[in-house]
Amino acid sequence: MAGKSTYMRQVALITLMAQIGSFVPAKYAKIGVVDKIFTRVGASDDLSMGQSTFMVEMMEVANILKGATQNSLVILDEIGRGTSTYDGLSIAWAVATFMADKEKCGAKTLFATHYHELTKLEETTEGVKNYSIAVKEKGEDVIFLRKIVSGGTDESYGIHVAKLAGVPKEVLTNAKSILKTLERKSMLGEKNLEKEEKKQSMGQLDMYNYKLAEIAHELDKININELTPIDAMNILVKLKESAS
């Protein structure tokens, strides 16, 4: 909605025009020779051939990864949306690092994504730069400024777009509540992961190993209100033996 897909198509069209000797709509452009232009934009399927939207997407990605060179221009507008969050994020992350690696590919690439985690690649992967589209928040509303600015973002405006589309207010309110819950769980998960990594670096016991997972499972099955002191003592002994 902010205009990233239009911006990316514009880059591809300007590059194509420059290759055939046309003037381009820019004050200044240094593009160089481009041997191929690859694009992965939009969502489509081929159900008559038994290919889902995600399968078509992956086939297009496979074709790009096999055919792109350092002189190619690659436009990747969202990768990994047709599967689970972690699957999709993993695929997008791996594709981005492959494209940035000059020994494996190194193509000039515009890679648009809603996976905020990928902004970390700028810190760890040579040649990766983060850009985002400027958005101005005004109360509960947003204004898309149609301007590309340096730096990543950790904000998404899907619920705002749903509001613009006319989704009922009751659904929007519920979506906001669910979003806050998920974000809170995500933050707690990151904190726990940091604690875990810190303990592992100090040589301490991994508190998220399979034994503790089994203990947690056993605890979930216990009805505390029905326990006698003797039962509680026996359970405690059993859990201690399981942890050792």
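Here, each number is a calculation from the coordinates, and none is a lab measurement. All values derive from a computational prediction rather than experimental measurement. All Cβ positions, even for glycine, are placed from backbone atoms using ideal geometry, and neighbour counts span all protein chains on display.
Worth pointing out:
- Nearest-0.05 FRET efficiency for Ala216 and Glu140, computed from C-beta distance (R0 30 Å): 0.15
- Region 4-153: C-alpha gyration tensor shape, a/c 1.5 cut-off, then a/b vs b/c: rounded
- Thr39 long-range amide H proximity, modeled H, under 5 Å: Ile75
- Two-site label geometry, Ala43 and Val24: point separation in nm, points 7 Å out along Cα→Cβ: 3.1
- Dipole of the chain, positive direction: furthest Cα of Tyr86, Val34, Val167, with charges on the beta-carbon: Val34
- 10 Å Cβ shell holding at most 13 others, DSSP loop, trypsin sites (Lys or Arg not before Pro): longest site-free stretch of the chain: 130-220
- Dipole magnitude for region 71-151: computed about the Cα centre from +1 point charges on Lys and Arg Cβ and -1 point charges on Asp and Glu Cβ, it is near 320 debye.
- Dipole orientation for the chain: of the candidates Gln10, His114, Gly139, Gln10 has the Cα lying most toward the positive pole (charges on Cβ; Lys, Arg +1; Asp, Glu -1).
- Cut-off of 10 Å, at most 16 other beta carbons, DSSP loop: longest stretch of the chain lacking such GluC sites (Glu not before Pro): 1-102
- Order of Leu172, Leu73, Leu47 under a 10 Å beta carbon neighbour criterion, fewest first: Leu47, Leu172, Leu73
- Placing +1 on each Lys and Arg Cβ and -1 on each Asp and Glu Cβ, with no other charges, gives region 4-153 a dipole about its Cα centre of roughly 720 debye.
- Scalar couplings 3J(HN,Hα) for region 151-160, obtained by applying the Karplus form with A = 6.51, B = -1.76, C = 1.60 to θ = phi - 60°, are x, x, 8, 10, 10, 10, 10, x, 5, 5 Hz; x denotes Gly and Pro.
- Filter on Lys136/Lys176; Lys120/Lys176; Lys36/Lys104; Lys129/Lys185; Lys4/Lys185; Lys30/Lys129 - keep pairs with C-alpha separation over 22 Å: Lys120/Lys176; Lys129/Lys185; Lys4/Lys185
- Spin-label model, Leu13/Ser177: points 7 Å from Cα along the beta carbon direction are separated by 4.4 nm.
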